[in-house]
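**Q** Shown below is the structure under consideration.
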Amino acid sequence: MSSDVSRAERALHRRAGLVHEAAIDAGLPGRFRVWDHAGLMAVSATDPLLGFLSTVSGVTPETVPAAIDLMHAPDWNGAAPTLVVSVELGEAAALLTAAGLARTGDRLLAVRRLAARPASTAGARLDVVDADEEGPFLRVLLAGYEVDGAVAAFIRAEHRLPVMRRFLALAGATPIAAAAMTIHGDVAVLGGASTLPAHRGRGAQSLLLRHRRRLAADAGCTLAVATARPESVSAANLSRAGFGLHRRSAWTAS
């Protein structure tokens with residue numbers, strides 16, 4: 001695993017720890033846990049509607065046996081974890097199949113070094129402002145995601161974290177897109193990004209990406225990371241912004 005990908009996964013794990021504590025403090029149903037095991041990183045959420053959060057990452061060919069043991073351990077309290085692998089496993093992949101795991105839809109990890117400071121967003125057709133008030137930010141973010149219920153409650157708890165940096169893209173005085181960022185050491189995690197359906201295709205997310213990269217570089221970060229679904233609009237925006245897209249295989253119990 002490259003050092004950049006390893007650093008990116010570790011930053012995502014640190015963010016997950018903060019977010020799951022926020023979910024517990026908000027009284028969300030189910031159990032939340034984030035822990036390390038034998039060089040692996042585990043995240044568990046037992047509410048079935050939040051099952052996509054339950055993962056094991058940081059897997060290498062050498063740690064596949066430990067990953068299999070962890071996947072079958074009783075630590076999950078009923079959650080069904082997904083093993084997320086960012087490297088080529090080679091012959092070790094056969095061990096996963098033999099252990100009753102099957103490959104499902106891939107995930108993407110987007111990574112970009114911040115060696116140079118991005119150009120200013122001044123002069124763009126849209127404006128970017130800090131979202132100091134949670135209400136307007138969350139309204140735009142959730143409307144853009146088009147989610148409700150447990151997922152919306154989790155997103156609210158996540159983006160109320162004191163360490164969360166929140167931004168809005170404005171068309172005139174109207175908020176049309178939202179995006180967030182947390183910093184973990186010298187790695188910036190760019191997450192929580194959505195655009196109102198009626199305003200998609202106007203470049204709001206590309207602008208918010210550039211703005212966050214600029215602030216991350218100013219804060220001393222040397223790496224930025226984000227996640228996305230393969231072949232999604234988000235993946236295309238990240239690629240255009242110079243992020244390297246690393247395809248991650250995902251494995252679940254068959």
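**Q** Give the stretch 169-189 a look and list any residue that's in a strand (DSSP E or B) and open to solvent by 10 Å² or more (accessible area, probe 1.4 Å), or say none.
**A** Selection gives 170, 171, 174, 175, 183, 184.
**Q** Cβ-Cβ distance below 7 Å, separation of 6 or more or different chains: which pairs start in the stretch 131-144 with a residue that is within 19 Å of residue 212 (Cα to Cα) and end on one that is of a type in the set (Lys, Arg)?
**A** As it stands, the answer is 131/166; 134/160; 137/166; 138/156, since those pairs meet every condition given.
**Q** Show the residue pairs that are 6+ apart or on different chains and have beta-carbon atoms under 6 Å apart, the first residue being within the stretch 15-38 and closer than 19 Å to residue 83 by Cβ and assigned to a helix (DSSP H, G or I), the second being aliphatic (A, V, I, L, M) and open to solvent by less than 20 Å² (accessible area, probe 1.4 Å).
**A** Short answer, once both residue conditions are applied: 16/43.
**Q** Give all pairs with beta carbons closer than 6 Å in which a residue from the stretch 81-93 that is free of Cβ contacts under 8 Å to residues at least 40 places away in the same chain meets a residue that is open to solvent by less than 30 Å² (accessible area, probe 1.4 Å); count only pairs at least 6 apart in sequence or on separate chains.
**A** 92/64
**Q** Going through 171, 193, 188, 180 one at a time, which residue ends up being closer than 21 Å to residue 8 by Cα and touching a His at 6+ places or on another chain (Cβ under 8 Å)?
**A** None of the others qualify; the one that does is 180.
**Q** Answer yes or no: is there a residue in the stretch 196-204 that is within 15 Å of residue 18 (Cβ to Cβ), at pLDDT 95 or above and either open to solvent by less than 10 Å² (accessible area, probe 1.4 Å) or out of contact with any Phe, Trp or Tyr (no Cβ under 7 Å at 6 or more places or on another chain) (or both).
**A** So far as the stretch 196-204 goes, no, none of its residues is within 15 Å of residue 18 (Cβ to Cβ), at pLDDT 95 or above and either open to solvent by less than 10 Å² (accessible area, probe 1.4 Å) or out of contact with any Phe, Trp or Tyr (no Cβ under 7 Å at 6 or more places or on another chain) (or both).
**Q** Looking only at residues in the stretch 24-54 that are within 20 Å of residue 5 (Cα to Cα) and open to solvent by 20 Å² or more (accessible area, probe 1.4 Å), which one is nearest to the chain's Cα centre (by Cα)?
**A** Residue satisfying both the conditions and the ranking: 53.
**Q** Please specify each residue of the stretch 194-228 satisfying the condition of being of a type outside the set (Val, Ile, Thr), part of a strand (DSSP E or B) and more than 16 Å from residue 111 (Cα to Cα).
**A** Within the stretch 194-228, 194 is the sole residue that qualifies.
**Q** Looking only at the stretch 171-216, which residues are under 16 Å from residue 129 (Cα atoms) and of a type in the set (S, T, N, Q)?
**A** 174, 194, 195, 205, 206
The values are calculated or read from the model by the stated rules, or taken from the named source; none is laboratory data. A quick note: this is a predicted structure, and the numbers were derived from the prediction, not measured. With ideal geometry, Cβ positions are generated from the backbone for all residues, glycine too; neighbour counts draw on all protein chains shown. Protein only, heavy atoms only, side chains kept; ligands, DNA and RNA dropped before computing areas. Shrake-Rupley method; radii C 1.70, N 1.55, O 1.52, S 1.80 Å.
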